[in-house]
Structure formats: C-alpha cells, structure tokens
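Q: Sharing a structure here in structure tokens format.
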Amino acid sequence: MQHEEEQASKGPTPAPGSLVRIWTIFVDGLAVLGTTMICILMIIICADIIARNAMGASLPLVSELGALLLVMIVCLQLPATVRADRLARTEVFFVPFRERRPKSGALLSSVFSLVGAGVLAMIAWASWSILQKDFSSGEFIGVTGIATLPTWPFRALIFIGLTVSSIQFLVGAIVELRTSFKTGR
C-alpha cells in the first residue's frame, strides 16, 4: 500500500512494452547525444582558452559554435527531463495536493503536460521555418576562407529535441489522464 502511494506521489510510469522501450531508448539516446555535446563544448572552450593564452587570439567559430551547441544541448536533453518529471514547478503546492487528492493532482498534472506540449509544439513549429531557411540558403557560421560550418544540422537537432519533448509531454498527459480516471478522489 505504501509503495503504491509513493508511486502515485512520484507520478505514473507507463506500462512496459516494446514501443515504450523503443521510445525510452530514443529519448535517452538524445540525452546521451546532448551530454556528448557538453563534452565537446568543454573541449572547445578549453582549447580557446589555451589559444588565447598561448597565441593571444581566439580560435575561429568558438562563440558561434558555443551558442548553437548550448541551445542544442538544452533541446536534446529536454525530452529525458520531461519523461523523468524533473521540470521545475512549485513542489510546495503540487506534492501535498497530489497526496491529498490523487485524482485532482493527476488531472492538474495532465493540464500542465498539455500546456507544455502546446508551447513546445509552437516553438518546434517556429524552429522548423528557421531550419528550412538555413537549409535552403546554405546558412553557415564562421568566417569564409578560415573556418565555416553549416547551421542546418544544429537546427535539425534543435527541431528534433523540441518535437520529441512535445510528444513526451503528450505521452505524460495521457498517462496522467488515465491515472485521474483510475484513482478514487
């Protein structure tokens, strides 16, 4: 009984199945890619620091690449954060409310997830047009003749991360709605 109450306060977990496992592996794979990008960003920053101290000049692409990588890292790790229910929210209110009223708490959580899905879907839609523009125009970062990189691969990963995050919010909303109809209060 106590274990069930602890699970209800943490939030629902989807039933195991092959589709759920594939989705989980995909979401975790995006998070791993984001973590890899953190390591790459750290190496780039350290190399730039060494270059500035040794040669008195910055490496090309560092600031532009750093900005794109930072946004990409957040977008790639967001779906795993949503799935693990680790987003910031007012726990002072939500946890006690969910413990006292599991059905209402699950309903409130599903509303939160639906709003999150909608907001991220709008951001993904806006990033889609940026991705299309960058791809069709051959947009790049850097200085021509020294070092350049196309921006579309970064924009594509940002779009994928935002889209998967929106879908993950929808999955969470469905799971919470099921919980709200199963619980007593």
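Q: Can LEU65 be described as surrounded by 17 or more Cβ atoms within 10 Å (Cβ to Cβ), more than 19 Å from LEU162 (Cα to Cα) and free of Cβ contacts under 8 Å to residues at least 60 places away in the same chain?
A: On the way: surrounded by 17 or more Cβ atoms within 10 Å (Cβ to Cβ): yes; more than 19 Å from LEU162 (Cα to Cα): yes; free of Cβ contacts under 8 Å to residues at least 60 places away in the same chain: no.
Considered against the rule, which asks whether it is surrounded by 17 or more Cβ atoms within 10 Å (Cβ to Cβ), more than 19 Å from LEU162 (Cα to Cα) and free of Cβ contacts under 8 Å to residues at least 60 places away in the same chain, LEU65 comes out as no.
Q: Moving to a separate point now. Which one of these is outside any helix (DSSP H, G or I) and either touching a helix residue (DSSP H, G or I) at 6+ places or on another chain (Cβ under 9 Å) or surrounded by 14 or more Cβ atoms within 10 Å (Cβ to Cβ) (or both): ILE141, ILE167, ILE158, ILE130? Reasoning before the result, please.
A: On the way: ILE167 fails: outside any helix (DSSP H, G or I); ILE158 fails: outside any helix (DSSP H, G or I); ILE130 fails: outside any helix (DSSP H, G or I).
It is ILE141.
Q: Here are some residues: ALA121, ALA117, ALA51. Which one is out of contact with any His (no Cβ under 7 Å at 6 or more places or on another chain), crowded, with 18+ Cβ neighbours inside 10 Å and in a helix (DSSP H, G or I)? Full working, then the answer.
A: Numbers: ALA121 fails: crowded, with 18+ Cβ neighbours inside 10 Å; ALA51 fails: crowded, with 18+ Cβ neighbours inside 10 Å.
So the residue among ALA121, ALA117, ALA51 that is out of contact with any His (no Cβ under 7 Å at 6 or more places or on another chain), crowded, with 18+ Cβ neighbours inside 10 Å and in a helix (DSSP H, G or I) is ALA117.
Q: Something else now. Could you tell me whether any residue of the range 80-91 is more than 16 Å from ALA31 (Cβ to Cβ), at pLDDT below 95 and in a helix (DSSP H, G or I)? Step through it out loud before you land on a result.
A: Of the range 80-91, the ones more than 16 Å from ALA31 (Cβ to Cβ) are 88-91.
Remaining after also requiring at pLDDT below 95: 88-91.
Still in the list and also in a helix (DSSP H, G or I): 91.
There is at least one residue in the range 80-91 that is more than 16 Å from ALA31 (Cβ to Cβ), at pLDDT below 95 and in a helix (DSSP H, G or I).
Q: Additional query: For the range 54-79, enumerate the residues that are farther than 27 Å from GLY172 by Cα and assigned to a helix (DSSP H, G or I). Spell out how you get there, then give the answer.
A: Going through the range 54-79, the residues farther than 27 Å from GLY172 by Cα turn out to be 54-69.
Selection gives ALA54, MET55, VAL62, SER63, GLU64, LEU65, GLY66, ALA67, LEU68, LEU69.
Q: Does PHE135 satisfy being aromatic (Phe, Trp, Tyr) and at pLDDT below 90? If you could, list the steps in order and put the result at the bottom.
A: Numbers: aromatic (Phe, Trp, Tyr): yes; at pLDDT below 90: no.
No; evaluated as a whole, the condition is false for this residue.
Q: Here are some residues: THR151, THR90. Which one is over 24 Å from ALA173 (Cα atoms) and within 22 Å of the chain's Cα centre (by Cα)?
A: On the way: THR90 fails: over 24 Å from ALA173 (Cα atoms).
Result of the check over THR151, THR90: THR151.
The values are calculated or read from the model by the stated rules, or taken from the named source; none is laboratory data. These numbers come from a predicted model, not from an experiment. Please note: Cβ atoms are built from the backbone with ideal geometry, for glycine as well, and neighbour counts cover all protein chains shown.
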